[in-house]
Amino acid sequence: MSRRPRIVIVGAGFAGYRAARTFARSARGRAEITLLNPTDYFLYLPLLPQVAAGILDPRRIALPLAGALRGVRTVLGEAGRIDLDGRTVHYTDPEGATGSLGYERLLLTVGSVNKLLPVPGVAEHAHGFRGLPEALYLRDHVIRQIELAAVAPDAGLAAARCTFVVVGAGYTGTEVAAQMRMLTVELARRNRLPYGVRPRWLLLDVAPRVLPGMDEKLSRTADRVLRRRGVEVRTGTSVREATRDGVLLSDGEFVASRTLVWCVGVRPDPLVEGTGQPLEKGRLIVDPYLQVPGRADVFACGDAAAVPDLARPGAFTPMTAQHAWRQGRVAAENMAAALGVGRRRRPYRHRDLGFVVDLGGVQAAADPLGVPLSGPPAALVTRGYHLAAMPGGRARIAADWLLDAALPRQGVQLGLVRSWSVPLDTASPELPKAPEHVTDRPPEGAS
């Protein structure tokens, strides 16, 4: 009996999860499928701001890989080096041990990480928003600042602790500012802040409007809701320097603050740089069939791949969850076709379904199929979209939404994630970091 071909998928984000599920169904046991990922879950990133705001339990948006992907073997580990000539992926497991996976077909879906800019102090004092550890840290940190402000010895310190700066008015930054502003208003009411201090949220972006990559109608809706809610929207403004005591803005103003949330965008996972293959702004170049040119055994998709946009000749598809989800399916079908199973291979083509932005409460901005919506109708469409897009656990998410609408949120610090465990400059925002002298690896001889 001939050995089954070995398929290795690196990354279980939108592209990797969809690819693993699709390939397992197409192959029907005729291939050995291994999924390498640092965590044992698929994370539905669009709802991460609601986790930080205390609307959703973090487990609601973390779908366990075991059981959800039948016929797929999951290996916990971070890919460290890929030997394309030797057809081997080298990785490190959560306890520091190393391993390797051989393959006949490889699919790279390693996604993206926080985008860094050469701004003094940002790497030391800012935190990103790309994984559950960062969301849980931000929630604890914000609650702590409000509680410390309530007992601050002077008005200046109280105001600094209640001032929160979000850099980047794209999809993530806009939702973080909108959702967290509502949370801090409620926390301030309970903690009775002194000196007449009130929570202050600033949303900064060098672009001339919020949501610069989306339709202008969506942008205007989001801007109106943010300002009405009390968020200070500063367009055409960036950060010149970040310090422990605050942020120096590009217009010369110094904002005293203890919170800097970095949402300026993402960059491809640096792992793809080590493949030695041609790149486009850090993304691995692939053909319309999501195959790496000159490497018949290697495919790539999602944020780490520069996928030709057939609707716009000469351009590449943007780094969005919608594209990653659809590309994962096409990549899996094309890999299966290369093995002689499933449907014929096909190029990746897309049709925009629109975007949704949840602004908290009954406010949202959406343009399903190009129809602009705002207010409660947009909120209904937005949550309906998320429920439909979530691969599982929909009932639990809907239950949390109902409870949030009926009951006050719990404003308590859990203390599970420390500041040093979520550095901005990391290739794995989904994993909390530990000091160099701390390890989870058991001592020798321990059982």
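The values are calculated or read from the model by the stated rules, or taken from the named source; none is laboratory data. Predicted model only: the values in this text are computed from it and were never measured. As a convention, Cβ positions derive from the backbone with ideal geometry for all residues, glycine included, and neighbour counts pool all protein chains shown. The area values use the complete protein model at the heavy-atom level, side chains included, leaving out ligands, DNA and RNA. Shrake-Rupley method; radii C 1.70, N 1.55, O 1.52, S 1.80 Å.
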Next on the checklist: Could you go through the range 143-161 and let me know if any residue there is in a helix (DSSP H, G or I), under 23 Å from the mean Cα position of the chain (by Cα) and more than 14 Å from Val210 (Cβ to Cβ).
Outcome noted: yes
Checklist outcome for this item: Condition set in a strand (DSSP E or B) and in contact (Cβ under 8 Å) with a residue 40 or more places away in the chain, scope the range 357-398, selection surrounded by the most Cβ atoms within 10 Å (Cβ to Cβ): answer is Ala365
Checklist entry - Could you say which residue among Asp287, Asp303 is surrounded by fewer than 21 Cβ atoms within 10 Å (Cβ to Cβ) and either modelled with pLDDT of 95 or more or touching a Phe, Trp or Tyr at 6+ places or on another chain (Cβ under 8 Å) (or both)? => result Asp287
Checklist entry - Which of the residues spanning the range 221-237 are open to solvent by less than 40 Å² (accessible area, probe 1.4 Å), within 17 Å of Val167 (Cβ to Cβ) and hydroxyl-bearing (Ser, Thr, Tyr)? => result Thr237
Checklist entry - free of Cβ contacts under 8 Å to residues at least 24 places away in the same chain and either surrounded by fewer than 22 Cβ atoms within 10 Å (Cβ to Cβ) or in a helix (DSSP H, G or I) (or both): does that describe Leu136? => result no
Checklist outcome for this item: Checked the range 199-224 for anything of a type in the set (Asp, Glu), over 22 Å from Glu186 (Cα atoms) and assigned to a helix (DSSP H, G or I); matches are Glu216
Checklist outcome for this item: Restricted to the range 197-211 and to residues being open to solvent by 60 Å² or more (accessible area, probe 1.4 Å) and touching a helix residue (DSSP H, G or I) at 6+ places or on another chain (Cβ under 9 Å), the residue farthest from Leu353 (Cα to Cα) is Arg198
Next on the checklist: Regarding the range 408-423, can at least one residue be identified that is closer than 24 Å to Gly11 by Cβ, of a type in the set (Ser, Thr, Tyr) and open to solvent by less than 80 Å² (accessible area, probe 1.4 Å)?
Outcome noted: yes
Checklist outcome for this item: Within the range 298-346, of all residues that are among the hydrophobic types (A, V, I, L, M, F, W, C), out of contact with any Gly (no Cβ under 9 Å at 6 or more places or on another chain) and part of a loop (DSSP other than H, G, I, E, B), the one nearest to Arg267 (Cα to Cα) is Val307
Checklist entry - Which residue pairs have Cβ atoms under 8 Å apart, sit 6 or more places apart or on different chains, and have a first residue in the range 13-28 that is outside any helix (DSSP H, G or I) and a second that is among the polar types (S, T, N, Q)? => result Gly13/Thr109
